Amino acid sequence: MNKRITEQTVQDYIHDNLNADVHKIALAKSPFPEVTGKELANQIASRKKSFRKLPTWFNTDFIYYPPLLSVEQCSSEITAAYKAGLATGSSIIDLTGGYGVDSYYFSKKIKSVTHCEINEELSAIASYNGVLLHQKNVQFIAGDGLEFLKNTDQKFDCVYIDPARRSTSGKVFMLKDCTPDIVENLSLLLSKAKRILLKTAPLLDLSAGLKELDHVAEIHIVSVKNECKELIWVIERDFEGSPNIICSTLNATQKQFRFILGEEGSTTITGSVIPGQYLYEPDVALLKSGAFNLIAERYQLQKFHHQTQLYTSSVIHPEFPGRIFRLNEVMSAAKIKKEKNLVGNVIVRNYPDKAATLVDKYHIKPDDTAFIIFTQSNTEGKIIIKSTIIQHY
């Protein structure tokens, strides 16, 4: 950590060059003898990345930024605040503290927070920023969090851990392939705390995770603007039984869809014969949960097709986590060929052509509120729906 970066003149330069070409700055001679062009470029790039992701950091003077990759990989403020709501008790240890975003939000709720980070420079950066952010109840430890836990007699109410993948191959990975190895050390973690909050990438298959982990009480599937950001596994020492699945959409209005694992298997629905007045497109968090029939049952919807996760109803349910469209016209593939001046954003679900292909084929112009949905129904086969969006994610 180069503390020269925190000097006023260097900070002024960083602020004044937020929109400059960082590649040129990295290669050019630095105006400051003890701060390299590469360091300046990284501070600018990381600060710019923080504008929307980490507004508290962006709007705090003299913040020191880590390498850009650390900012890209850390939690956003909106997801960190959500996780803080899952912490209980008066003490928590963050075993993989990183840049400190999660610990910052834990400190707003929990009396005592311990931040462990194996990268000494990153630990120093988090500690330095902690003073600027008034984190008086956070202890920063530069070292392996798991080793610290093994060697301390201290007990905590919660443990938070965000293991990193060791392998980049394949779309589905195992927790045992991550570091720290949560599976191998689960008994240790549960001996130190009653509750564990485990963050994983949304890539992890729910059934695969449940095969590796014991005492899973809840799985939170967290999305922001229809992008699945992370899975949070709540593990409790004394929990036995089927976990709750909580799909949380963190948009302008936070919405949740909850069910107990196994409920989906006992639910059956039939496909729609006639489309209703409204079409429902579930948020990606609901789709990740696999509760395709429960979605229909809870909101009294019908599916267009057994292989298409689009739903219809004659009633609006504004609490639905996802987009809602008003159906204006349902067309056949033959009819759309005769249409002129088609306008709308194209959505393709269970249809043989890609959206870009259909836009070119039918000369469809984009629009802010109009949508053309290419899909299938159980009774009509391929259908095209002209619609207007009335609820965004």
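The values are calculated or read from the model by the stated rules, or taken from the named source; none is laboratory data. These numbers were taken from a predicted model, which means no experiment stands behind them. Glycine gets a Cβ as well: all are built from the backbone with ideal geometry, and neighbour counts include every protein chain shown.
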Worksheet item: How many residues, within region 33-57, are part of a helix (DSSP H, G or I) and either of a type in the set (D, E, K, R) or over 14 Å from residue 80 (Cβ atoms) (or both)?
Response: 16
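Output yes when any residue across region 297-306 is more than 18 Å from residue 248 (Cα to Cα), among the charged types (D, E, K, R) and not in a strand (DSSP E or B), and no when none is.
Yes: one or more hits.
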Practice prompt. Check whether at least one residue in region 32-49 is closer than 14 Å to residue 63 by Cα, of a type in the set (Val, Ile, Thr) and out of contact with any strand residue (DSSP E or B) (no Cβ under 8 Å at 6 or more places or on another chain), and report yes or no.
Written response: yes
Item to complete: Could you tell me whether any residue of region 142-160 is part of a strand (DSSP E or B), within 30 Å of residue 61 (Cα to Cα) and more than 26 Å from the chain's Cα centre (by Cα)?
Response: yes
Worksheet, complete the sentence: In the set 235, 295, 219, the lone residue that is surrounded by 21 or more Cβ atoms within 10 Å (Cβ to Cβ) and within 16 Å of the chain's Cα centre (by Cα) is 219
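Yes/no per residue for (1) free of Cβ contacts under 8 Å to residues at least 12 places away in the same chain; (2) closer than 21 Å to residue 119 by Cα; (3) among the β-branched types (Val, Ile, Thr):
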{"position": "5", "(1), (2), (3)": "no, yes, yes"}
{"position": "8", "(1), (2), (3)": "yes, no, no"}
{"position": "33", "(1), (2), (3)": "yes, no, no"}
{"position": "42", "(1), (2), (3)": "no, yes, no"}
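Between 84, 41, 45, which is modelled with pLDDT of 95 or more and within 30 Å of residue 220 (Cα to Cα)?
84
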Worksheet item: On the given criteria, is residue 98 within 27 Å of residue 136 (Cβ to Cβ), in contact (Cβ under 8 Å) with a residue 24 or more places away in the chain and surrounded by fewer than 17 Cβ atoms within 10 Å (Cβ to Cβ)?
Response: no
Worksheet item: What strands (runs of 3 or more DSSP E) completely inside region 183-269 contain at least 3 residues that are within 28 Å of residue 78 (Cβ to Cβ) and touching a Phe, Trp or Tyr at 6+ places or on another chain (Cβ under 8 Å)?
Response: 193-200, 216-224, 244-250
Practice prompt. Name every residue in region 82-128 that is hydrophobic (A, V, I, L, M, F, W, C) and part of a strand (DSSP E or B), in order of residue number.
Written response: 92, 93, 113, 116
Worksheet item: What pairs come up if the first residue lies in region 310-321 and is part of a loop (DSSP other than H, G, I, E, B), the second is at pLDDT below 95 and of a type in the set (Gly, Ala, Ser), and their beta carbons are under 7 Å apart, counting only those six or more places apart or on different chains?
Response: 314/276
Worksheet item: Of 194, 255, 199, which residue is at pLDDT 95 or above, within 15 Å of the chain's Cα centre (by Cα) and farther than 24 Å from residue 323 by Cα?
Response: 199
Worksheet item: When residues of region 60-81 are filtered for being part of a loop (DSSP other than H, G, I, E, B), polar (S, T, N, Q) and surrounded by fewer than 20 Cβ atoms within 10 Å (Cβ to Cβ), how many remain?
Response: 2
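What number of residues within region 336-393 are outside any strand (DSSP E or B) and in contact (Cβ under 8 Å) with a residue 40 or more places away in the chain?
9
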